[in-house]
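Participant: Questions regarding the structure given below will be posed in turn.
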Protein chains: 2
Amino acid sequence: MRVTVLAGGVGGARFVKGLRDAVEDADEITVVVNTGDDLWLSGVRLQPDIDSILYALAGVNDTERGWGRAGESERVSAELQAWGAGWPWFTLGDLDLGTHLARTGWLRDGLAPSQVAERLGARWPIGVRLLPMTDTEVDTHVVVEDGTRMHFQEWWTRHRASLRATAFESPGIADARPAPGVVEAIEEADVVVLAPSNPVVSIGPILAVPGVREALGRARRVVGVSPIIGGKVVRGMADACLAAIGVKTAADAVARHYGRRAEGGVLDTWLVAEEDAALAPGLEAEGWDVRVEPLWMTDPERSATLARAALRP
Amino acid sequence: MRVTVLAGGVGGARFVKGLRDAVEDADEITVVVNTGDDLWLSGVRLQPDIDSILYALAGVNDTERGWGRAGESERVSAELQAWGAGWPWFTLGDLDLGTHLARTGWLRDGLAPSQVAERLGARWPIGVRLLPMTDTEVDTHVVVEDGTRMHFQEWWTRHRASLRATAFESPGIADARPAPGVVEAIEEADVVVLAPSNPVVSIGPILAVPGVREALGRARRVVGVSPIIGGKVVRGMADACLAAIGVKTAADAVARHYGRRAEGGVLDTWLVAEEDAALAPGLEAEGWDVRVEPLWMTDPERSATLARAALRP
């Protein structure tokens, strides 16, 4: 069964791990990864979501801290601080920097980000194929209440999303194209799954790449997993993002934000948590195919169970 | 007394340290540093000679190994090897990478290499001013016997200069300009000193920047210190470089290679080692002002004594 997942970082990684356990042949899984929170920092190119998924699938991620590599150290970062370079609030781990330097060197050699992702994916037997959503450099900027514009990472990591955002912008996205293989992976999949990632800054940028929505329109079947459980975000600060675009932090509001394919949206089926079962009838009355499932991915078995539920016809 | 030194890495650093001890006001020392062995590696910009001099002047260099930072580690480099990225034979230390990343980030922000050097020079109280010879990117390439062309660092560090070189090339040097301040530092100095650095790949590139020879022509006084003692190179593999351009590894041959200003060369005075005293009469017969001095910079006191000798009218 060919499965294509649209995913952001940590939540996406957990879902994809479950999916890898749930299917017979992981080779048939393609993950289209958000690159909207990519950035240049201290001269190197960072792709946080690609790396989060890669590290998680390789089993080298730091599960306690929730991000980065296990066994990480920060010698280079301490030097950068001593130089007054980079962002003191954005730590670059030494092992992680190995990835950034390898990537930046390959990009400098002329490789496209999708070719770099292929090389990165070849180091460990991760099974699945990782594709950046686009080879075009499209970083997300955030406009906050007082009109200041900043890189998404500054808003997210430095300010912990505490400044009220009024808009998310992706300069250049109108000219971006899906990375080679993205449209085919969506069109040829038996199921496309929108992972329970941040709808605004993880899934949003993927859908904003010209051609992706059209490809989803031609897909066999598109299933979404709610990132909201019981009216709360599972992790991260998606509520601050949803508020900025006027969407309530609720499983049904996010479904309506994505929309049904029958009405110009991107989804056929929407998985909500048992805690949100009461929201199902309202959506069903609007024509939605809603499934109530256990959405907590608290261990590999539960993640695999959720993935199986997402694949169920 | 205003002193300007043209210098390469390790030998240059030792001489400049001695000079700093020898003069009353280190503020009046400007070091014009070779950038011919700069390179891009794993996405970052390396400037080995700038860093060698900086680390030595700051007292943070590894004196046992002879290059890089003291207390260095290689965690990032191990990752790069695991990725199959970069050059496995060219180690990037973690502390050193902090410098490379700070520099690369600042270059990416739009700073010129000379502005970056100023920032780098401000971290420690090194006293002297460091100027790259040029802000133009001019890396040295080496052509070896079989016609293969490679980056200087590949020839020098990977092959330990063991492949017979037939030419050193600096693509783009004809269009390079001296970095801001270089010409003034040469013209306004009371003495310009050519440090006992590699004449071919350290001092050579500086002299090849259009405008530098002309500035030396207008300088008050230019003194050179022989990098050859008793017919042998003090360190490094300058003999392999000299052979490639048809110059004998001998103190008098190097003097003639630089040439007297009175005859279109760059020097007024040439310091040779006591071991090479026998070569002095021959040079004197040709009109050279030759001084026989102890040239071994085996400790700070001897380095300062040599610097004083170079400044003596």
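The values are calculated or read from the model by the stated rules, or taken from the named source; none is laboratory data. Note that the structure is a prediction, hence the values are computed from the model and not measured. For neighbour counting, all protein chains shown are included, and Cβ atoms are generated from backbone atoms with ideal geometry for every residue, glycine included. SASA here: full protein model, heavy atoms, side chains in, ligands and nucleic acids out. Shrake-Rupley method; radii C 1.70, N 1.55, O 1.52, S 1.80 Å.
Participant: Filter segment A:77-92 down to residues that are of a type in the set (A, V, I, L, M) and either out of contact with any Ser or Thr (no Cβ under 9 Å at 6 or more places or on another chain) or more than 17 Å from residue B:73 (Cβ to Cβ) (or both), then give me how many there are. Working first, answer last.
Facilitator: Step one: list which residues in segment A:77-92 are of a type in the set (A, V, I, L, M), which gives A:78, A:80, A:82, A:85, A:92.
In the following step, the residues that additionally are either out of contact with any Ser or Thr (no Cβ under 9 Å at 6 or more places or on another chain) or more than 17 Å from residue B:73 (Cβ to Cβ) (or both) were identified as A:78, A:82, A:85.
Count: 3.
Participant: Further question: Report, by residue number, each residue of segment A:112-127 that is more than 24 Å from residue A:22 (Cα to Cα) and part of a loop (DSSP other than H, G, I, E, B). Give the derivation first.
Facilitator: So in segment A:112-127, the residues more than 24 Å from residue A:22 (Cα to Cα) come out as A:112-116, A:119.
Within segment A:112-127, A:112 is the sole residue that qualifies.
Participant: Here's something else I'd like to know. Anything in segment A:163-181 that is loosely packed, with under 12 Cβ neighbours inside 10 Å and either touching an Asp or Glu at 6+ places or on another chain (Cβ under 6 Å) or hydroxyl-bearing (Ser, Thr, Tyr) (or both)? List them, or say none.
Facilitator: A:164
Participant: Still on this structure, please answer the following. For the subset of segment B:166-179 comprising residues that are at pLDDT 95 or above and small (Gly, Ala, Ser), which member is farthest from residue B:208 (Cα to Cα)?
Facilitator: Here the answer is B:179.
Participant: Could you list, in sequence order, the residues of segment B:100-123 that are out of contact with any Phe, Trp or Tyr (no Cβ under 8 Å at 6 or more places or on another chain) and more than 10 Å from chain A (Cβ to nearest Cβ)?
Facilitator: B:110, B:111, B:112, B:113, B:114, B:117, B:118, B:121
Participant: Next question. Can you find a residue in segment B:114-126 that is charged (D, E, K, R) and buried (at least 18 other Cβ atoms within 10 Å of the Cβ)? Spell out how you get there, then give the answer.
Facilitator: Restricting attention to segment B:114-126, the residues satisfying the condition of being charged (D, E, K, R) are B:118-119, B:123.
Imposing the further condition that a residue be buried (at least 18 other Cβ atoms within 10 Å of the Cβ) reduces the set to none.
Checked against the condition, which is being charged (D, E, K, R) and buried (at least 18 other Cβ atoms within 10 Å of the Cβ), segment B:114-126 yields no hits at all.
Participant: Being open to solvent by 10 Å² or more (accessible area, probe 1.4 Å), modelled with pLDDT under 95 and within 23 Å of residue B:207 (Cα to Cα) is the requirement here; does residue B:37 meet it? Explain how you work it out, then say what you get.
Facilitator: Details: open to solvent by 10 Å² or more (accessible area, probe 1.4 Å): yes; modelled with pLDDT under 95: yes; within 23 Å of residue B:207 (Cα to Cα): yes.
So residue B:37 passes the test.
Participant: Starting from residues that are of a type in the set (A, V, I, L, M) and either open to solvent by less than 40 Å² (accessible area, probe 1.4 Å) or touching a strand residue (DSSP E or B) at 6+ places or on another chain (Cβ under 8 Å) (or both), keep the ones in segment A:71-99 and report whichever is farthest from the other protein chains (Cβ to nearest Cβ).
Facilitator: At the first step, the residues of segment A:71-99 found to be of a type in the set (A, V, I, L, M) are A:76, A:78, A:80, A:82, A:85, A:92, A:95, A:97.
Those still in the list that are either open to solvent by less than 40 Å² (accessible area, probe 1.4 Å) or touching a strand residue (DSSP E or B) at 6+ places or on another chain (Cβ under 8 Å) (or both) too: A:76, A:80, A:85, A:92, A:95, A:97.
On the way: A:76: 5, A:80: 5, A:85: 4, A:92: 8, A:95: 6, A:97: 5 Å.
Among those that are of a type in the set (A, V, I, L, M) and either open to solvent by less than 40 Å² (accessible area, probe 1.4 Å) or touching a strand residue (DSSP E or B) at 6+ places or on another chain (Cβ under 8 Å) (or both), it is A:92.
Results for (1) hydroxyl-bearing (Ser, Thr, Tyr); (2) open to solvent by less than 20 Å² (accessible area, probe 1.4 Å); (3) free of Cβ contacts under 8 Å to residues at least 40 places away in the same chain, shown as yes or no for each residue.
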{"position": "A:205", "(1), (2), (3)": "no, yes, no"}
{"position": "A:216", "(1), (2), (3)": "no, yes, no"}
{"position": "A:222", "(1), (2), (3)": "no, yes, no"}
{"position": "A:226", "(1), (2), (3)": "yes, yes, no"}
{"position": "A:232", "(1), (2), (3)": "no, no, yes"}
{"position": "A:241", "(1), (2), (3)": "no, yes, no"}
{"position": "A:272", "(1), (2), (3)": "no, yes, no"}
{"position": "A:282", "(1), (2), (3)": "no, no, yes"}
{"position": "A:285", "(1), (2), (3)": "no, no, yes"}
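Participant: Here's something else I'd like to know. Name the strands (runs of 3 or more DSSP E) wholly inside segment A:134-250 in which the number of residues that are of a type in the set (Phe, Trp, Tyr) and either in contact with a Cys (Cβ under 6 Å, 6 or more places away or on another chain) or within 28 Å of residue A:279 (Cβ to Cβ) (or both) is 1 or more. Show your work before the answer.
Facilitator: Values: elements: A:141-144, A:149-151, A:165-169, A:191-194, A:222-225.
Because the criterion is at least 1 residues that are of a type in the set (Phe, Trp, Tyr) and either in contact with a Cys (Cβ under 6 Å, 6 or more places away or on another chain) or within 28 Å of residue A:279 (Cβ to Cβ) (or both), the strands (runs of 3 or more DSSP E) in segment A:134-250 that meet it are A:165-169.
Participant: Of all residues in segment A:287-306, which are under 13 Å from residue A:271 (Cβ atoms), surrounded by 16 or more Cβ atoms within 10 Å (Cβ to Cβ) and among the hydrophobic types (A, V, I, L, M, F, W, C)?
Facilitator: A:288, A:290, A:292, A:295, A:297, A:306, listed by residue number.
Participant: Could you check residue B:133 against (1) open to solvent by 10 Å² or more (accessible area, probe 1.4 Å); (2) more than 14 Å from every other protein chain (Cβ to nearest Cβ); (3) at pLDDT 95 or above and say which number it fails?
Facilitator: With (1) open to solvent by 10 Å² or more (accessible area, probe 1.4 Å); (2) more than 14 Å from every other protein chain (Cβ to nearest Cβ); (3) at pLDDT 95 or above applied to residue B:133, the lone miss is (1).
Participant: Let me ask another. For residue A:245, are the conditions met, namely being surrounded by fewer than 16 Cβ atoms within 10 Å (Cβ to Cβ) and out of contact with any His (no Cβ under 7 Å at 6 or more places or on another chain)?
Facilitator: Values: surrounded by fewer than 16 Cβ atoms within 10 Å (Cβ to Cβ): yes; out of contact with any His (no Cβ under 7 Å at 6 or more places or on another chain): yes.
The answer is yes for residue A:245.
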